[in-house]
Amino acid sequence: MDTPLKHLAVIGAGAMGSGIAALFASKGLNIVLIDPMAGALERARGTIERQLNVYAPGQVQETLQRIRMESDLSAAVDSDLIIEAVPENLELKRSLFAKLDALCPPQAIFATNTSGLSINAIASAVARRDRFVGTHFFTPADVIPLVEVVRNDDTSEDTVARVMATLRFGGKRPVLVRQDIPGFIANRIQHALAREAISLLEKGVASAEDIDEVVKWSLGIRLALSGPLEQRDMNGIDVHHAIASYLYQDLENRTTPSDLLTSKVEQGQLGAKSGQGFYTWSPERREQVLREKSAALGELAAWLNQKAGDS
């Protein structure tokens, strides 16, 4: 398999940008990873090296040599595809793309990695709206296979085709999101699930551990092989309709974050990065979980890809 976009730049050397750079470099492409923040590129090198040791231990140095690290945005000027992976701030992204639009030749394609910001709103900062897409990678970006490719109202078919071909070259499974809706597909479904889980915890129905246990060992296993719509077909749509008729009215449907979630944020209990969230996290436990889950996710993704290829 070849890719029509061989020269890639990644803007933002955080966890997502580092993962995206590592992914394409591990497939043989030369990548420019750009971040002006002091210390960001040095931290990125450590993150990339750790991840590569998980899924490509024999290619660490070879892959690192394909990643050129730069602090100036002008280093992206010769790239065919520029993937932005800066923090989730609309004005920051718009400002960045306005600068890139002035720097880069007209044929360069722009992609924004966002979990749910409007692609139309970000693309409004550039003249090349036809060569602009959203590419929603998932953490870890170099392990989780799926990428949501989201059109803006003016994205051309050629741009979609080129970006999706490049993602497939990188071993990804891209899906096209035809409408620019908040949260796209995955985060809408993920937040619906999380909203209900947090509601159950807040009501004292079960512990955080037991709620997670239910999801991991029932829904989680099944969802890896059968999505929610296929599963409805397997169960019978009439059965789903019957359950929905009495259950929907009792499901959590609030349109603002729950009191429990708001309280956690106000108290600084932000999860693994702060040491406390729904669970207690030591730095050692956080590192161990990151390492073990990356390895396990990589093995699961490889097995699922094989199954999909066999079917």
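What to note about this one:
One line per residue, one yes/no per condition, for (1) open to solvent by 10 Å² or more (accessible area, probe 1.4 Å); (2) in a loop (DSSP other than H, G, I, E, B); (3) among the charged types (D, E, K, R); (4) under 21 Å from Thr139 (Cα atoms):
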position: Gly17; (1), (2), (3), (4): no, no, no, yes
position: Ala22; (1), (2), (3), (4): no, no, no, yes
position: Leu33; (1), (2), (3), (4): no, no, no, yes
position: Pro36; (1), (2), (3), (4): yes, yes, no, no
position: Glu62; (1), (2), (3), (4): yes, no, yes, no
position: Arg68; (1), (2), (3), (4): yes, no, yes, no
position: Ala75; (1), (2), (3), (4): yes, no, no, no
position: Ile82; (1), (2), (3), (4): no, no, no, yes
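- Candidates Leu193, Leu167, Leu219, filtered to the one that is open to solvent by 40 Å² or more (accessible area, probe 1.4 Å), among the aliphatic types (A, V, I, L, M) and more than 19 Å from Thr262 (Cα to Cα): Leu219
- Scan of the stretch 203-224 for residues that are under 19 Å from Ala296 (Cβ atoms) and not β-branched (Val, Ile, Thr), ordered by number: Glu209, Asp212, Glu213, Lys216, Trp217, Ser218, Leu219, Gly220, Arg222, Leu223, Ala224
- For the stretch 8-48, the candidate set comprises residues that are at pLDDT 95 or above and of a type in the set (Val, Ile, Thr); within that set, the residue that is farthest from Met164 (Cα to Cα) is Ile34.
- Out of Pro4, Pro105, sole residue that is open to solvent by 50 Å² or more (accessible area, probe 1.4 Å) and not in a helix (DSSP H, G or I): Pro4
- Residue count for the stretch 98-142, restricted to those that are farther than 23 Å from Ile189 by Cβ and acidic (Asp, Glu): 2
- Ile211 being out of contact with any Asp or Glu (no Cβ under 8 Å at 6 or more places or on another chain), open to solvent by less than 60 Å² (accessible area, probe 1.4 Å) and of a type outside the set (S, T, N, Q): yes
- Pair list, Cβ < 7 Å and 6+ apart or interchain, from the stretch 114-137 residues that are farther than 18 Å from Met16 by Cβ to residues that are β-branched (Val, Ile, Thr): Asp130/Thr155; Asp130/Thr159; Arg131/Ile109; Arg131/Thr159; Phe132/Val126; Phe132/Thr155
- All of Ile122, Ile189 fail the test of being β-branched (Val, Ile, Thr), assigned to a helix (DSSP H, G or I) and farther than 16 Å from Ala85 by Cβ, apart from Ile189.
- Applying a threshold of 6 Å to beta carbon distances and a minimum spacing of six or more residues, or different chains, the list of pairs starting in the stretch 280-298 at a residue that is touching a residue at least 24 places away in the same chain (Cβ under 8 Å) and polar (S, T, N, Q) and ending at one that is surrounded by 11 or more Cβ atoms within 10 Å (Cβ to Cβ) and part of a helix (DSSP H, G or I) reads Ser294/Val54.
- Restricting Thr135, Thr155, Thr159, Thr166 to residues that are of a type in the set (Ser, Thr, Tyr), modelled with pLDDT of 95 or more and assigned to a strand (DSSP E or B) narrows the list to Thr135.
The values are calculated or read from the model by the stated rules, or taken from the named source; none is laboratory data. Owing to the predicted nature of the structure, the values given are computational and were not obtained by experimental measurement. So basically every Cβ, Gly included, is an ideal-geometry build from the backbone, and we count neighbours across all protein chains shown. SASA here: full protein model, heavy atoms, side chains in, ligands and nucleic acids out. Shrake-Rupley method; radii C 1.70, N 1.55, O 1.52, S 1.80 Å.
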